[in-house]
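**Student:** Next up is a structure, given as structure tokens.
Values in this text are rule-based calculations from the coordinates and carry no lab data. Computed from a predicted model, the values in this text were never measured in an experiment. Quick reminder, even Gly has a Cβ in these numbers, built from the backbone with ideal geometry, and neighbours come from all protein chains shown.
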Amino acid sequence: MEKDKELLKGSCHICGSSRIHYRFITNGSPICQCEDCGFMFVNPQPSEETLAGIYKAGYFLGAASSEGEKTVSEMKGRTAGMYLSHLLDYSGGERGRLIEIGCGNGDFLALAKGKGFEVKGIEISEHAAKTANDRIGEDRVVCGTLENTDLPAGYFDICVLFDVIEHVYDPVGFLRKIHDLLKSDGVIFIVTPSLDSWSARLMRSNWAEFKTEHLHYFNTQTIQNVLAKTGFNEINIAPNYKYLTLEYIKGHFQKFRIPFFTDLVSFLMVLVPGHFRRKRIKLVASGMNVLARKARLNSRETVSIIVPVYNEKSTFPELIGALTAKELHGLNKEIIIVESNSTDGTREEVLKYKDTPGIKLVFEEKPLGKGHAVRAGLARATGDFIMIQDGDLEYDLNDYDELLEPLLKYRKAFVLGSRHSKGWKMRHFADQPVISLIMNFGQIFFATLLNIFCGQKLKDPFTMYKVFRKDCIYGLTFKANRFDFDWEIVIKLLRKGYRPLEIPVNYNSRSFNEGKKVSFFKDPLLWFWALIRFRFGPLYEKKKNEAGK
């Protein structure tokens, strides 16, 4: 559709790009999307008067009878209990001062108060705020918005906002205000519709969450981008489950009518016996749960460059000289060299930098593989971003700025420096032509295999240049020791919801005679095993107390 490509005035709320285009109209509101980070939003946004007309007494879906209201209340109470359990698991069971923004009728606040939290709420609907205070038993909820409520900075331990962030005009400014309200290491808990949900993928432009009052639409990547930009880390995302009844679902589709789907739900309800319509069912439909912690906002961010080296005496001095001299605009630099007890004198070269500011040295007792060395570097990295740099000279350091730019602009959280994005960069081993042919075929074969198993179209998932926001690996445990680590990290980041941006880089391959260390027979077997192990095995390690059950 030609109009889909029409560029509009204005800029993206998250990355600031002016490359936004119109997608479709829903309920009279144009939905647009940023071409650079993928964020979707209403443009232009409805006026405050329009929104005020929507948030009236009948906004929150209820029931026609007292029995129905009781069922709805119990249903929402069960969902609130589930949310509280998620929150306590993430925060380690700690209680404290909790504020809920957009608290509705106070279901969650009432439950949290009963569990020992000191609670406060903000609600834009005057009717809902009064209902919430009646439920809590004291005036703990104020009618208004975060912007016009005077609250002390650094006061709250936890801020929750359920189905709220999609309603605010400026999500970046909104989250920064919440950052100010929270104590150091304070927790934010967001529930919001997700463009990655099955319902969004199925219903597309008819998705039930495309409403006039929903101004912004996040997926797992854009919500992490906006949280990182506003000073949050340790981000944990999971599908949002709620307790619902079929009767409630029918009421929702009747209030927010959707072509075909409203009629389909009404037809199916005729086939369901009455008592089943009021039965509570735990369902995942359109949302995601997002938990994160307040981090320090730095005026200048840092990139940690991990350099695994083993028997690289011929190339290491030139590499480290170029790396220390390399200036990164707008970034501090932390170089972590992991030396694996080389036998050619590389360790002696590395030791020359033991007192150099900005360089950390890690010495392994024996060589256990590139993956093991990178893992050792990751354990000591303190930067906001991570880069992996081999100790040879196959890749060009001049590509750093372009690789880091999408991360700095919060357009992407994961970048691959692709050797093959603009034409295939063949390996040409003048001294080993047959081996170079086999390796080029192997690159195509294994990349195709990974793409099939992971549903991707990556051209070079095995590039050494993997660049990502450090928070991307929060909660992950890595196990691979050799070159299968390249498979592990890509597969696990894909499973966590990150979709890498591939940027062309310069590349000049060296042969085995020149020092290439991939095992011709052992590593392909490890790659096959890694694909099965990391694609279908558990993404997260079980907690110790869970493992012992």
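**Student:** If I take all pairs of Cα atoms in the range 116-239, what percentage of them are more than 19 Å from each other? Before the final figure, lay out the partial values.
**Tutor:** Details: 4087 of 7626 pairs.
Across the range 116-239, Cα pairs with separations above 19 Å total 54 percent.
**Student:** Can you put 404, 246 in order of Cβ neighbours within 10 angstrom, beginning with the fewest? Before the final figure, lay out each step's value.
**Tutor:** Values: 404 21, 246 18.
So the ranking, lowest neighbour count to highest, is 246, 404.
**Student:** Report the semi-axes of the equivalent ellipsoid for the range 288-409 in whole Å, largest first, where each axis is √(5λ) for an eigenvalue λ of the Cα gyration tensor. Numbers along the way, then the final one.
**Tutor:** Numbers: eigenvalues 143, 59, 34 Å².
Computed over the range 288-409, the values are 27, 17, 13 Å.
**Student:** Just need the Rg to Rh number for the range 102-141, please, alpha carbons only, Kirkwood Rh. Provide the component values of the computation, followed by the final result.
**Tutor:** Numbers: Rg = 8.8 Å, Rh = 9.5 Å.
Checking Rg against Rh, the ratio lands at 0.92.
**Student:** Find the all-direction average of the projected area of the Cα convex hull for the chain, expressing the result in square nanometres with one decimal place. Don't skip to the answer; put the middle values down first.
**Tutor:** Numbers: hull surface 116.3 nm².
With every direction weighted equally, the projected area is 29.1 nm².
**Student:** Just from its helices, what would the mean residue ellipticity at 222 nm be for the chain, if runs of 4 or more DSSP H residues each count -39500 (n - 2.57) and the sum is divided by every residue, rounded to the nearest 500 deg cm²/dmol? Don't jump to the answer; show the numbers that get you there.
**Tutor:** Working: 18 runs with 191 residues, N = 549.
Taking each H run of at least 4 residues, the total per residue is -10500 deg cm²/dmol.
**Student:** Once the Cα gyration tensor of the range 301-541 is found, what semi-axes does its equivalent ellipsoid get, as square roots of 5 times the eigenvalues, in whole Å, sorted largest first? The partial results should precede the final answer.
**Tutor:** On the way: eigenvalues 122, 100, 68 Å².
Over the Cα atoms of the range 301-541, the ellipsoid semi-axes are 25, 22, 18 Å.
**Student:** Using packing as a proxy for protection, rank 491-498, 351-358, 99-106 so that the peptide with the highest average count of other Cβ atoms within 10 Å comes first.
**Tutor:** The densest-packed peptide leads the list: 99-106, 491-498, 351-358.
**Student:** Next question. How large is the Kirkwood hydrodynamic radius of the range 254-336, in angstrom, based on all distinct alpha carbon pairs? Please list the in-between numbers first.
**Tutor:** Values: mean 1/r = 0.0499 Å⁻¹.
For the range 254-336, inverting the mean 1/r across all distinct Cα pairs yields 20.1 Å.
**Student:** While we're on this one: At R0 = 35 Å, how high is the FRET efficiency between residue 525 and residue 324 if r is their beta carbon distance? Nearest 0.05 is fine. Walk me through the numbers before you get to the answer.
**Tutor:** Values: r = 38 Å, r/R0 = 1.08.
Once the sixth-power term is evaluated, E becomes 0.40.
**Student:** Compute the distance from the alpha-carbon center of the range 104-128 to that of the range 368-387, in whole Å.
**Tutor:** Result: 43 Å between the Cα centres.
**Student:** Output the pairs from 459/492; 183/479; 120/412 with a Cα-Cα distance over 26 Å in this structure; if there are none, say none. List each step's numbers first, then the result.
**Tutor:** Values: 459/492 18 Å; 183/479 35 Å; 120/412 35 Å.
Where the Cα-Cα span goes over 26 Å, the pairs concerned are 183/479; 120/412.
**Student:** Based on other C-beta atoms within 10 Å, arrange 167, 329, 86 from fewest to most.
**Tutor:** Values: 167 21, 329 8, 86 17.
By the 10 Å Cβ count, ascending: 329, 86, 167.
**Student:** In percent, what relative contact order does the chain have, based on Cα pairs under 8 Å that are 6 or more apart in sequence?
**Tutor:** 11 percent
**Student:** Per-residue HN-Hα couplings for the range 228-240, Karplus 6.51 cos²θ - 1.76 cosθ + 1.60 at θ = phi - 60°, whole Hz, x for Gly and Pro?
**Tutor:** Values per residue, Gly and Pro as x: 4, 5, 9, x, 10, 9, 6, 7, 10, 10, 9, x, 8 Hz.
**Student:** Relative contact order for the range 71-202 using alpha-carbon pairs under 8 Å, separation at least 6, rounded to a whole percent?
**Tutor:** Working: 206 pairs, mean separation 28.9, N = 132.
Worked out over the range 71-202, it gives 22 percent.
**Student:** Sticking with this structure for a sec: Could you state the angle between the C-alpha long axis of helix 126-136 and the longest principal axis of the C-alpha atoms of the chain, as a value from 0 to 90 degrees rounded to the nearest 10?
**Tutor:** Result, in degrees: 90.
**Student:** Right, next: To make sure I understand, if each residue's beta carbon is the centre and we count other beta carbons within 10 Å, what order do 441, 363, 253, 210 fall in, fewest to most? All intermediate terms of the calculation are to be shown ahead of the outcome.
**Tutor:** Details: 441 10, 363 14, 253 18, 210 23.
Ranked by crowding around the Cβ, least crowded first: 441, 363, 253, 210.
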